[in-house]
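A.B. asks: Okay, here's the structure, questions in a sec.
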Amino acid sequence: MTDRFSIARDRFSIATPDDFHAHLRRGSAMGAYARRHALSFGRALAMPNTVPPIASGPAVAAYREAILEAAGGALAPLATFKLLPGMSEGTVRACAAAGAIAGKYYPAGSTTNSSDGLRDPAEAEAALGAMEAAGLVLCVHAEDPAAPALEREEAFIPVLERMIAAHPRLRIVIEHVSSAALLGFALAAPPRVAATVTAHHLLFTLDDLIGEAMSPHLYCKPVPKSARDRDALRDAVFRGERKLFFGSDSAPHPRSAKEGARAAAGIYSSPTAVAALAGLFESGGALAALEGFLSIRGASFYGLPPASGRLELARGEWVVPEELDGVVPMLAGKSLSWSCSRT
Ligand code: DOR
Ligand code: ZN
């Protein structure tokens with residue numbers, strides 16, 4: 001192999017990564033989360049499961065503005081809205097006019113702030129039709145909350161099949177795919193169906209979460225699964241699968257919400273995801289696949305211009321702080337062998 005990453009290197013650069021699944025929250029902490037995001041990413045698809053949710057044209061416009069302002073323009077927000085039962089075509093058109101590029105389907109009760117989500121696609125039929133007509137992307141949290149925790153993705157596949165069949169032009173992103181079963185489904189689906197993969201589902205398994213001690217900071221939805229599932233994801237991204245691109249699902253919760261009798265689901269991965277992925281891809285002999293995964297294929301699926309600017313990755317040990325922005329970040333206290341900076 002003579003590709004440009006085959007020789008051990010201490011420094012290289014890639015086009016600035018995009019994050020196609022980010023929780024930046026609302027309120028006083030949002031600015032810190034957005035600025036942290038901007039250290040690694042140029043654009044972030046901002047998830048709408050805030051309190052209150054982003055579910056109208058004015059809310060989309062205000063949230064975009066707030067993120068832009070909070071990050072001093074260093075992070076370009078890509079806007080979404082939350083599909084709610086009975087949402088009208090007019091609301092979808094207003095969200096699109098305000099700049100939304102995607103709508104998010106949360107099955108009711110599937111994850112953080114989703115009790116107002118959908119029990120069935122039929123509850124948002126008009127909105128889904130309007131999204132298809134407007135060329136918006138449907139992002140799906142593909143878990144059936146009624147199924148056992150480790151089987152929730154597989155149990156949701158029939159719902160995906162129905163939506164794919166009912167809306168033949170709708171582009172769909174299956175978010176944070178975590179199981180070999182759902183991965184196989186996504187890869188076999190029509191080209192208008194793609195999937196995001198997180199860093200944490202590439203790095204961890206259920207044993208990391210509960211095998212030795214209960215580790216609430218690795219708790220997220222969907223829960224990390226078996227080594228077989230993780231390895232199926234690794235193989236697919238290492239070989240540069242066209243349908244797969246990065247979405248961090250970075251989901252900060254204050255330490256107090258994670259370290260209690262009922263830990264909130266979500267991993268604050270944005271501070272460490274890119275550095276950790278560089279190490280992972282390198283150990284898999286796949287550094288050449290990193291840029292396509294982080295910086296190219298997501299924008300291409302969404303029909304966005306290529307990322308501008310570069311991210312430089314440099315070899316060098318550093319220890320992840322125990323707390324950032326009031327949150328315990330992914331891999332806190334661990335040593336990483338790459339660091340990154342935007343240029
Ligand atoms: O772990 C998760 N946390 N998964 C999600 O789908 C939502 C997220 C959050 O908003 O905290
Ligand atoms: Zn999420």
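A.B. asks: Output the peptides 15-23, 307-315 sorted from most to least packed, where packing is the average of other Cβ atoms within 10 Å over each peptide's residues. Numbers along the way, then the final one.
C.D. replies: Values: 15-23: 25.4, 307-315: 16.6.
Listed from highest to lowest mean packing, they are 15-23, 307-315.
A.B. asks: Ok, one more. Per residue, how large is the accessible surface of the chain? Use a 1.4 angstrom probe and give square angstrom. All intermediate terms of the calculation are to be shown ahead of the outcome.
C.D. replies: On the way: 13230 Å² over 343 residues.
It amounts to 39 Å² per residue over the chain.
A.B. asks: Continuing with the same structure: If you place +1 on the Cβ of every Lys and Arg and -1 on the Cβ of every Asp and Glu, how big does the dipole about the Cα centre of segment 22-93 come out, in debye to the nearest 20? Mind dumping the intermediate values first?
C.D. replies: Values: 8 positive and 3 negative charges, 36 e Å.
With only Lys, Arg, Asp and Glu charged at Cβ, the dipole is about 180 debye.
A.B. asks: Of the accessible area of segment 17-309, with the probe set at 1.4 angstrom, what percent is carbon plus sulfur? It would help to have the intermediate numbers written out before the result.
C.D. replies: Numbers: 5680 of 10360 Å².
On segment 17-309, the fraction of accessible area on carbon and sulfur atoms equals 55 percent.
A.B. asks: Using label points projected 7 Å from each Cα along Cα→Cβ, tell me how many nm separate E69 and S335, to one decimal.
C.D. replies: 4.4 nm
A.B. asks: Can you work out the PRE-style zone for S300? Point 7 Å along Cα to Cβ, and I want the residues of segment 182-197 with backbone N under 19 Å.
C.D. replies: Residues 186-197 qualify, since their backbone N sits under 19 Å from the label point.
A.B. asks: Hey, another quick one. Which of the lysines could a cross-linker bridge to K82, judged by Cα under 29 Å and excluding same-chain residues fewer than eight apart?
C.D. replies: K104, K221, K225, K243, K258
A.B. asks: Hey, quick one: spin label on R162, modelled 7 Å out along Cα-Cβ, who in segment 117-135 has an amide N within reach, i.e. under 12 Å?
C.D. replies: Flagged as within label range: 119-125.
A.B. asks: Further, regarding this structure: Of I14, F185, Y268, whose Cα points farthest to the positive end of the dipole of the chain (charges on the beta-carbon: +1 Lys, Arg; -1 Asp, Glu; origin at the Cα centre)?
C.D. replies: Of the options given, the answer is I14.
A.B. asks: Identify, among A213, V173, A155, the residue whose Cα sits farthest towards the positive end of the charge dipole of segment 152-240, taking +1 on the Cβ of Lys and Arg and -1 on the Cβ of Asp and Glu, with the dipole about the Cα centre.
C.D. replies: V173
A.B. asks: Compute the distance from the alpha-carbon center of segment 108-187 to that of segment 253-327, in whole Å.
C.D. replies: 24 Å
A.B. asks: Given charges of +1 on the Cβ of Lys and Arg and -1 on the Cβ of Asp and Glu, with all other atoms neutral, how large is the dipole of the chain about its Cα centre, in debye to the nearest 20? The partial results should precede the final answer.
C.D. replies: Values: 34 positive and 35 negative charges, 143 e Å.
About 680 debye.
The values are calculated or read from the model by the stated rules, or taken from the named source; none is laboratory data. Everything numeric here is computed off the predicted structure, so don't read it as measured data. All Cβ positions, even for glycine, are placed from backbone atoms using ideal geometry, and neighbour counts span all protein chains on display. Each accessible area value is taken on the protein alone, full model and side chains, heavy atoms only, with ligands, DNA and RNA left out. Shrake-Rupley method; radii C 1.70, N 1.55, O 1.52, S 1.80 Å.
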